[in-house]
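The values are calculated or read from the model by the stated rules, or taken from the named source; none is laboratory data. Keep in mind that this is a model prediction, so the values were computed, not measured. We place every Cβ from the backbone using ideal geometry, glycine too, and count neighbours over all the protein chains shown.
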Amino acid sequence: MPDFSAQESGLGYLYQARYALWLLLDRPEELEVVLETLDDIVLSQDGTPRDLLQTKHNSVPARLTDASPPLWKTLRIWSTHVKDGVIQVPPTTLTLITTAEAPANSIAAALRPGRERDCAAALGALRGVAQSSKNDDLKAAFAAFSDLTDDQQFRLVEAIHVLDKSPDISDTADRIRDRIRAAVDRQHRDALFERLEGWWLGKVVNQLRSDCPTPVAGFEVYDKLRTIAEQFGPNALPIDYLDARPDSVDPHTDNRMFVRQLRAIDVGITRIEKAILDYYRAYEQRSRWAREELLVGDEAESYERRLIDEWERFAAAMIEEQDGAVSEIELKRAGRQIFNWMEQTADLRIRPNVSELYVMRGSFHMLANKPTPSVWWHPRFFERLSNILAGPSIAL
């Protein structure tokens, strides 16, 4: 039965993207990378391609023999580029990066960098395979190579470098982690790597979706690395959910306690939607901080106590302003004023450099969402609790 699994090709694409990130961290920072244009990976400088790279990933041990399809399919691409004048060799170099191993005395082994490199032997062997092989699947590749002039074939082979037994997708991740290890404390390295690679994959997606992709330079990667690393300092925390949205946001049907509280003071639908987003982002953010053990001791609980204390002070001051019997309209107005203070004026940070307000706003909503809320907006919340609780509830 044929194997139609996309696992290997999927790993190949991820390997290509991850290896490109490694290259940017390993090469001079003025070099630029773009994926899936002239080749899998193109390294350029000042807009001029310097190195075209093909990446070949194998999940199991493999050998790069003289008639291997990965070798000849790569040669077909490069031969066509040379024939059509798309690239000039030299100065452009051509690199085949593969996790497979080149056997001794093979074409690929002769094209490794180093003192044992033998381009003349590799060229002779390539001509022999192209002339004698009966592999119909590689006919187009053999023809593309054979259509080159002798001088073009020589220059093409001179430009090729084979890096066999290259690190696989997991080992490449380890190399990246090692490269960035000095940026943060040991316990934060995995978290830093995940965020850097997440940013990088976003760049890759933008390149693949563009008809005219924008290259990414090494200095951009280092700038982003420093920006992320700064978020792991003692006065900061990483921010990951600034633009995140849950699968659905429906302020009309959401019956969680914190939303019911907002309805009880006649907060508008748009602001309720914003509150739902703040709750979601803060909940996910704080959960991630906890999973990654970025919070120290009872830091989250201490932060909540600070929020409650500041809310109590402002709410008490608002209640003191109510003189005698007040109408329900006035009570709701007072509740909105307390809520407005939280949403528009308060700036209570879990750490000094964590300035994104969704952390604070969402944390207030988390406190307002407890079975017995720790904060509330309507001055007579507990007196009206049965009315606020009326209606169906939904899970968090």
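Flag not set for Val354, criterion: modelled with pLDDT under 95, within 18 Å of Asn235 (Cβ to Cβ) and not acidic (Asp, Glu). Of all residues in the range 109-142, exactly one satisfies the criterion of being surrounded by 15 or more Cβ atoms within 10 Å (Cβ to Cβ), in contact (Cβ under 8 Å) with a residue 40 or more places away in the chain and of a type in the set (D, E, K, R), namely Arg112.
Listed here are the residues, each with its yes/no results for (1) surrounded by fewer than 16 Cβ atoms within 10 Å (Cβ to Cβ); (2) out of contact with any His (no Cβ under 7 Å at 6 or more places or on another chain).
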| position | (1), (2) |
| --- | --- |
| Ala290 | yes, yes |
| Ile308 | yes, yes |
| Ala315 | no, yes |
| Ile319 | yes, yes |
| Asp323 | yes, yes |
| Gly335 | no, no |
| Arg349 | no, yes |
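If I filter the range 317-354 down to residues being small (Gly, Ala, Ser) and touching a residue at least 40 places away in the same chain (Cβ under 8 Å), which single residue comes out as nearest to Gln261 (Cα to Cα)?
Gly335
Scanning the range 235-258 for residues that are more than 17 Å from Val359 (Cα to Cα) and of a type outside the set (Lys, Arg) yields Asp247, Ser248, Val249, Asp250, Pro251, His252, Thr253, Asp254, Asn255, Met257.
Could you tell me whether the range 69-83 includes any residue that is loosely packed, with under 15 Cβ neighbours inside 10 Å, within 21 Å of Phe142 (Cα to Cα) and among the basic types (Lys, Arg)? No - not one qualifying residue is present in the range 69-83. Which residues, taken from the range 93-138, are acidic (Asp, Glu) and either touching a helix residue (DSSP H, G or I) at 6+ places or on another chain (Cβ under 9 Å) or closer than 22 Å to Pro61 by Cβ (or both)? Across the range 93-138, the qualifying residues are Glu101, Glu116, Asp118, Asp137. Would you confirm whether any residue within the range 41-51 is closer than 23 Å to Asp150 by Cα, in a strand (DSSP E or B) and hydrophobic (A, V, I, L, M, F, W, C)? No, because not a single residue in the range 41-51 is closer than 23 Å to Asp150 by Cα, in a strand (DSSP E or B) and hydrophobic (A, V, I, L, M, F, W, C). The set of residues in the range 112-150 being basic (Lys, Arg) and more than 12 Å from Asp66 (Cβ to Cβ) consists of Arg112, Arg115, Arg117, Lys134, Lys139.
Restricting attention to the range 114-136 and to residues that are at pLDDT below 95 and within 42 Å of the chain's Cα centre (by Cα), the residue that is farthest from Lys73 (Cα to Cα) turns out to be Arg115. For the range 51-61, a residue qualifies if it is of a type outside the set (Val, Ile, Thr) and modelled with pLDDT of 95 or more, and the qualifying residues are Asp51, Leu52, Leu53, Gln54, Lys56, His57.
Among the residues of the range 251-288, the ones that are within 18 Å of Trp341 (Cα to Cα), surrounded by 20 or more Cβ atoms within 10 Å (Cβ to Cβ) and among the polar types (S, T, N, Q) come to 1 in all. Exactly one residue among Asp223, Asp266, Asp278 is modelled with pLDDT of 95 or more and not in a helix (DSSP H, G or I), and that residue is Asp266.
Within the range 78-104, residues that are more than 16 Å from Ala159 (Cβ to Cβ) and assigned by TED's automatic domain parsing to the domain that holds Ala144 reach partners that are surrounded by 22 or more Cβ atoms within 10 Å (Cβ to Cβ) and of a type in the set (Lys, Arg) with beta carbons closer than 8 Å, at six or more positions or on different chains, in the pairs Thr98/Lys56; Thr99/Lys56; Ala100/Lys56.
Quick check on Ser302: is it small (Gly, Ala, Ser), farther than 23 Å from Leu277 by Cα and at pLDDT 95 or above? The answer is yes for Ser302.
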